[in-house]
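Peer 1: Submitted below is the structure of interest, expressed as structure tokens.
The values are calculated or read from the model by the stated rules, or taken from the named source; none is laboratory data. Please read all numbers here as calculations on a predicted model, not as lab measurements. Backbone-built Cβ (ideal geometry, glycine too); neighbour counts: all protein chains shown. The protein model used for the area step is the full one, side chains on, heavy atoms only, and it has no ligands, DNA or RNA in it. Shrake-Rupley method; radii C 1.70, N 1.55, O 1.52, S 1.80 Å.
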Amino acid sequence: MTAVLDATNTRTLTYAEAVREALGQAMEADERVFLLGEDVGTYGGAFGVTGDLVHRFGEERVRDTPISELGIVGAAVGAALAGMRPIVEIQFSDFTAQAMDQIVNQAAKIHFMLGGAATVPMVLRTPGGSGTGAAAQHSQSLEAWFAHVPGLKVVMPATPADAKGLLLAAIDDPNPVIVLEHKLLYKQSGPVPDGAERVRLGETAVRRTGGDVTIVATGVMVSRALEAAETLASQGIQASVLDPRTLRPLDDQTIVDSVTATGRALLVQEAPKTGGFMAEIAARIVESSAFGHLRAPVARLCGLDVPIPYAPQLERAAVPQVEDIVREASELVNRW
Amino acid sequence: MDLTKDAAAARETLRTMWTIRRFEEAVDDLFARGLMHGTMHLSIGQEAVPAGACLALREGDYITSTHRGHGHCIARGAELDAMMAELLAKETGYCRGRGGSMHIADVATGNLGANGIVAGGVPIAAGAGLAVKLRGGEQVVVSFFGDGAVNEGAWHEGVNLAAIWDLPVVFVCENNHYGMSMSVGRAFKVQRLAERAAAYGIPGVTVDGNDPQAVHDAVSDAVHRARAGQGPTLVEAVTYRWKGHSKSDKNLYRTREEIESWREQDPIARFERAVAGTLSEVDIAACRDEARDRVREAIRTASAAPDARADSLTDAVYAGSDR
């Protein structure tokens, strides 16, 4: 404890610890906040995220559920309508397919459909992404599904600090918010404030500034893009790296400004290319005043249009790696 | 409560059933004359279920409703003007013209909403029950759904959650014999849908859904158990949908004779006979007239209201939006 009680200290935490800290602080601050999901209690969550929260807050508020994703999300919708602030954990984002009616037809639409008479303040946290050898039904990146639905907010934290700050903002939000965490990030460490600072939804983070190319990346691709940018710098190419952080609402202005300055955009996502969220970002860029400043076609580097395979060498080949980003960015700069 | 012997209760039950009947007849007529747009699902012939069930509830209790939800809404005390205005696509409608017949909710009366998805409201009811339980409240949630919902995954998941957590939810199945054209006989192997309760370790009862007293008694018992922390109950109310599923229904899947035989069991006519010793002819006629007048007034008021506006649509998607 420092002399100034409300001073925020920054410590190094893992992404999973940062999420847990946000959950704990939100539950301490607001009795309406509770967790429900499969194995979130004594087990501590499939990826250990909820950890010891059941010991701190009890089994009522850290509620283990049967394997029943549609029921779990529906219960959260009902609890939210009745004045609570539920936070659902779905073990793998792939399993949201089991719960889509409640997410898409209920949670997302109720506020609008009822003419504003009701709100659904709930959060659905779920990890996406490949890289763990879990194959096609446990490795998808489904952010575009959710981002396509008016009424949902969609958050993709890429750092431990954002994992905490964006989650706190999501819990405050009066709307249903889908928080897509990433399995490979859970053990990644970084500085995290110990206070309950929110990271506002809808602000693109500029992770690095360089004048030759703008790399826009989401999720685990942010750290890969930053690593690629270091390599590119050693080759004399200066890259800006932008992390939208929230896909809905999307701060496209920061992206447009950066592309206006660099004249080149490389958009990197783990999800398959076709119909992916980077297609939306590409469209926003070419629809904007940045179009006239483009020195190269807008380029996308995405996952292959395949289900995520099992074998490690196949899995690696299916999604962008650091060297792919380096190659694509340098080609973009050198060719145009 | 004896709905036939207690004059006030008899009057209220009769008024509610007549209001639902007259409201839906008016809606049917407005649609047929091209004055109403979209689609709607009528519950004519099923009025005893919402009338009997909602009388078992208190202020503060919740309901979840269905695509065939006008009756639940009215029985729970919704404003007819705002309902009619919604159906007539007016700015003064419950949903400001954004929801229509299938999405009317009335949060003031605890109505968490009709639902266009079969069984969509079932897990939501469990969640509202969970909210009550977490707060240590005494409210109860009644979840209305049709026979079709009982074969949906959402139904099983919602009922199971309510059962394992002893949530204060009463599941009221309006078995009107058809899920669109699919008859209960073809869609179920069980004889009575209430048998499904056994699979979740909760009580299940089947009652005459054309008798508001039978519905009321069963739902009252279930509400009592729920308030006492003894968990959910499944009440199957057997009734019949006189009208087609929706506006496109040509009734190809059932016979005229079958429909006629159920019309002879009209829940309203039956109830009027049952209360003949309690209410006078004049009293009964007054209930009818009052329902007719309220519906006429709702049409007048709603028709005069401004049409729903398209100018703020995108602002309406998110609550408390600062973007």
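Peer 1: Rank these by accessible area, largest first, 1.4 Å probe: B:301, A:50, A:274.
Peer 2: Values: B:301 55, A:50 0, A:274 110 Å².
The ranking, largest first, comes out as A:274, B:301, A:50.
Peer 1: Which GluC sites (Glu not before Pro) from segment B:1-67 combine a DSSP loop assignment with at most 11 other Cβ atoms within 10 Å?
Peer 2: Filter output for segment B:1-67: B:59.
Peer 1: Determine how many Å³ per residue the convex hull of the Cα atoms of segment B:7-304 encloses.
Peer 2: Hull volume normalised by residue count: 122 Å³.
Peer 1: Related question: What dipole magnitude, in Debye to the nearest 20, does segment A:205-335 give about its Cα centre under +1 on Lys/Arg Cβ and -1 on Asp/Glu Cβ?
Peer 2: 100 debye
Peer 1: Give the residue from B:207, B:232, B:222 lying farthest towards the positive end of the charge dipole for segment B:196-241; charges sit on Cβ (+1 for Lys and Arg, -1 for Asp and Glu) and the dipole is referred to the Cα centre.
Peer 2: B:232
Peer 1: Select from A:71, A:122, B:31 the residue farthest towards the positive end of the dipole of the protein assembly as shown; place +1 on Cβ of Lys and Arg, -1 on Cβ of Asp and Glu, and compute about the Cα centre.
Peer 2: B:31
Peer 1: Another one. If you add up the charges near residue B:217, with Lys and Arg at +1 and Asp and Glu at -1, over every other residue whose beta carbon is less than 10 angstrom from its beta carbon, what do you get?
Peer 2: On the way: positive: none; negative: B:2, B:211, B:221.
Counting the neighbours of residue B:217, the net charge comes to -3.
Peer 1: Return the single residue from A:290, A:76, A:170 with maximal mean-square fluctuation; model: Gaussian network over chain A, springs between Cα atoms under 10 Å.
Peer 2: A:290
Peer 1: Taking every alpha carbon pair in segment A:75-126, what does the distance histogram look like in 5 angstrom bins from 0, in percent?
Peer 2: 5, 22, 30, 25, 13, 5, 1
Peer 1: Additional query: Taking the Cα centre of segment B:221-284 as origin and charging only Cβ (+1 Lys, Arg; -1 Asp, Glu), how large is the dipole, in debye to the nearest 20?
Peer 2: So the dipole magnitude of segment B:221-284 works out to roughly 380 debye.
Peer 1: Summing -39500 (n - 2.57) over the DSSP H runs of n ≥ 4 in chain A and dividing by its residue number, what mean residue ellipticity at 222 nm do you reach, to the nearest 500 deg cm²/dmol?
Peer 2: -10500 deg cm²/dmol
Peer 1: Kirkwood Rh, chain A, all Cα pairs: how many Å?
Peer 2: By the Kirkwood definition, the hydrodynamic radius is 20.3 Å.
Peer 1: Now a separate question. Can you list the lysines whose alpha carbon is less than 17 Å from that of residue A:183, not counting same-chain residues fewer than 8 positions off?
Peer 2: Of all the lysines, those that pass the test against residue A:183 - Cα under 17 Å, at least 8 places apart if same chain - are A:164.
Peer 1: Under a 10 Å cutoff between Cα atoms, tell me which one of B:267, B:306, B:232 has the largest fluctuation in the Gaussian network model of chain B.
Peer 2: Largest GNM mean-square fluctuation: B:306.
Peer 1: Then there's this: For the pair residue B:297 and residue A:283, what calculated FRET efficiency results from E = 1/(1 + (r/R0)^6), where r is the Cβ-Cβ distance and R0 = 41 Å, to the nearest 0.05? Kindly include the intermediate steps, with their values, before the conclusion.
Peer 2: On the way: r = 51 Å, r/R0 = 1.24.
Between residue A:283 and residue B:297 the formula returns 0.20.
Peer 1: Can you list the residues, at least 5 places off or on another chain, whose amide H is less than 5 Å from the amide H of residue A:205, using H built in the peptide plane?
Peer 2: Counting only residues 5 or more places away or on other chains, the set is A:243, A:245.
Peer 1: From the phi of every residue in segment B:140-156, what ³J(HN,Hα) in whole Hz does the Karplus formula 6.51 cos²θ - 1.76 cosθ + 1.60 yield, where θ is phi - 60° and glycine or proline is x?
Peer 2: 10, 10, 9, 9, 8, 7, x, 4, x, 5, 5, 9, 8, x, 4, 5, 4
Peer 1: Quote the Stokes-Einstein diffusion coefficient, in whole µm² s⁻¹, for the protein assembly as shown, based on the Kirkwood radius over alpha carbon pairs, a temperature of 37 °C and a viscosity of 0.692 mPa s.
Peer 2: Stokes-Einstein gives a translational diffusion coefficient of 123 µm²/s.
Peer 1: Shifting gears a bit: In percent, what relative contact order does chain B have, based on Cα pairs under 8 Å that are 6 or more apart in sequence? Display every interim value, and only then the final one.
Peer 2: Details: 650 pairs, mean separation 80.9, N = 323.
The value is 25 percent.
Peer 1: If you put +1 on each Lys and Arg Cβ and -1 on each Asp and Glu Cβ, how big is the dipole of chain A around its Cα centre, in Debye rounded to 20?
Peer 2: Magnitude of the dipole: close to 540 debye.
Peer 1: While we're on this one: Taking each pair of distinct Cα atoms in segment A:11-193 once, what is the resulting Kirkwood hydrodynamic radius in Å?
Peer 2: 16.0 Å
Peer 1: Right, something else. Most fluctuating residue of B:256, B:296, B:96 in a GNM of chain B with Cα springs under 10 Å: which is it?
Peer 2: Residue with maximal mean-square fluctuation among B:256, B:296, B:96: B:256.
Peer 1: Show me the GluC sites (Glu not before Pro) within segment A:260-301 that DSSP assigns to loop and that have at most 13 other Cβ atoms within 10 Å of their Cβ.
Peer 2: Sparse-neighbourhood loop GluC sites (Glu not before Pro): none present.
Peer 1: Please list, in order along segment A:37-42, the HN-Hα scalar couplings obtained from phi with the Karplus expression 6.51 cos²θ - 1.76 cosθ + 1.60 (θ = phi - 60°), rounded to whole Hz, x for Gly and Pro.
Peer 2: Residue by residue, segment A:37-42 yields x, 6, 6, 7, x, 4 Hz.
Peer 1: Hey, what's the per residue convex hull volume over the C-alpha atoms of segment A:252-313, in cubic angstrom?
Peer 2: Working: hull volume 5.6 nm³, N = 62.
It is 90 Å³ per residue.
Peer 1: Give the residue list of chymotrypsin sites (Phe, Trp or Tyr not before Pro) in segment B:225-278 that are DSSP loop and have at most 16 other beta-carbon atoms within 10 angstrom.
Peer 2: Loop-located and lightly packed - B:253.
Peer 1: If Lys and Arg each add +1 and Asp and Glu each add -1, what is the summed charge of the other residues whose beta carbon sits under 10 Å from the beta carbon of residue A:45?
Peer 2: So the surrounding residues net to -1.
Peer 1: Another one. Tell me, what is the FRET efficiency for residue B:7 and residue B:183 to the nearest 0.05, using R0 = 51 angstrom and their Cβ-Cβ distance as r?
Peer 2: Calculated value: 0.80.
Peer 1: Helix-derived [θ] at 222 nm for chain B: sum -39500 (n - 2.57) over DSSP H runs of at least 4, divide by residue count, nearest 500?
Peer 2: -13000 deg cm²/dmol
Peer 1: Another question, then. Considering only segment B:7-304, what is the antiparallel percent among its DSSP beta bridges, to the nearest 5? Could the numbers behind the result be given before it?
Peer 2: On the way: 3 of 24 bridges.
Given both bridge residues lie in segment B:7-304, the antiparallel proportion sits at roughly 10 percent.
Peer 1: A follow-up question, please. May I ask you to rank A:17, B:174 by accessible area, largest first, using a 1.4 Å probe over the protein chains only?
Peer 2: A:17, B:174
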